[in-house]
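Down below is the structure, laid out as structure tokens.
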Amino acid sequence: MERYDRQVRFAGFGESGQEKLSNTAIMVMGAGALGTHAAELLTRMGAGKLIVIDMDIVELTNLHRQTLYTEEDVRLMKPKVEALKEKLQQINNDVEIKTLNTELNSQNIVGILQEHQPDIVIDAMDHFEIRFLVNEACHKLDIPWVYGAAVGSKGSVYAIDYEGPCLKCLMATMPATGESCEINGVLPPVTTQTAGLEVSEVIRFLSGEGFSRKLITVDTFGMNYKTMNINALKDDDCIVCGQHKYEHLEKETFRPVQSNCGRVFTLRFDDSIFNAEMNGEVIKENRFVKFINYDGYEMTLFNDGRMNVYGLDGMEEAEALYREITEGLPVNQHQ
């Protein structure tokens, strides 16, 4: 316990809280700003096991707010989960760290949760659509989870268990932290504070205090901090926690062309495209990813068939590019 002496000395946590933490498996969904900060805190505090999921590589624009990543990770185009695991193991090698370099969707999220059996889930995703899946999957499997979002200077946190209001119940009162980071930007302090609050909810839960039952919002530029008691917001007729219907899990969410934050679009092909011959110049590559210059477009091709294309002006242009690339591929090398 000497390593964790300062946190054990806190009466609300103590040796019992430390023992519980050291025997807990925590899944961190996302290895961006919220995920890296949360994973680092939990590693330093001595969590028993971390399962970190992300599908992206480290990019230069990540470094201002995503902790532990370096310019060398950018140069090597390392997958975020691999780069993060390397750094976390240097911090605390006693923590078991499992990484999944994959995309979460309606077809695999329940299976991933069932296979890895986390005791609690931390949301560190960057868009609301996936959080509806997390909400439904965790409710279906009775796994407590902590919602967190940050954009601009504003962050919000809400910890959800099987008994309290779920994310669907709260949607009418959720703060505007689902805005575009391209339009609103994001200040690094708000990601640090939001992730810290998410971990705080985890610590409360493991210490026997339970979740705070509060929707917490912060504005690091306006210097505001607010909490709202959410018990009264429980909707007995909620389609998720009231009726146990999981519409997002049951519908097909695959989209061959998807708009992301900024002027970035994801095009999805069969994974065989990674080794196929296609037009364009491969600038850099490793076994996970290729950086390609294609007819003036810069694109990142992942080994699972995802392709991020940068600087597109809209969906129409993205769909036209998708058709062009698809028509140039051998049969069965697109989704």
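Figures for the structure shown
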{"read-out": "Of the chymotrypsin sites (Phe, Trp or Tyr not before Pro) in the range 1-91, those whose Cβ has at most 13 other Cβ within 10 Å and which sit in DSSP loop", "value": "PHE10"}
{"read-out": "Tail beyond 28 Å, pair distance distribution of the chain (Cα, percent)", "value": "44 percent"}
{"read-out": "The chain - charge dipole about Cα centre, Lys and Arg +1 at Cβ, Asp and Glu -1, debye rounded to 20", "value": "1000 debye"}
{"read-out": "Relative contact order computed over the chain (Cα-Cα under 8 Å; 6+ residues apart), in percent", "value": "14 percent"}
{"read-out": "Dipole of the range 2-250, positive direction: furthest Cα of MET125, MET45, PHE10, with charges on the beta-carbon", "value": "PHE10"}
{"read-out": "Stokes-Einstein D for the range 257-327, Kirkwood Rh over Cα pairs, 20 °C, 1.002 mPa s (µm²/s)", "value": "178 µm²/s"}
{"read-out": "Sequence-separation-based contact order of the range 257-327, relative, with Cα cut under 8 Å and 6+ spacing, percent", "value": "34 percent"}
{"read-out": "Whole-Å distance, taken between Cα centres, linking the range 255-311 and the range 66-140", "value": "21 Å"}
{"read-out": "Antiparallel bridge percentage (DSSP; both residues within the range 2-250; nearest 5)", "value": "50 percent"}
{"read-out": "Residues of type lysines that LYS49 reaches as a straight line, Cα spacing below 26 Å, ignoring anything fewer than 8 places off in the same chain", "value": "LYS20, LYS78, LYS80, LYS85, LYS87, LYS98, LYS140"}
{"read-out": "Descending semi-axes in whole angstrom, ellipsoid equivalent of the range 1-154, from the Cα gyration tensor", "value": "24, 21, 14"}
{"read-out": "Neighbourhood net charge (10 Å Cβ-Cβ; Lys/Arg +1, Asp/Glu -1) for THR227", "value": "+3"}
{"read-out": "The range 1-144, dipole about Cα centre (Lys/Arg Cβ +1, Asp/Glu Cβ -1), debye to the nearest 20", "value": "280 debye"}
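Just so you know, all these numbers are worked out from the coordinates, no wet-lab data involved. Since this is a predicted model, take the numbers as computed values, not measurements. Because the Cβ atoms are built from the backbone with ideal geometry, glycine has one as well, and the counts that use them run over all protein chains shown.
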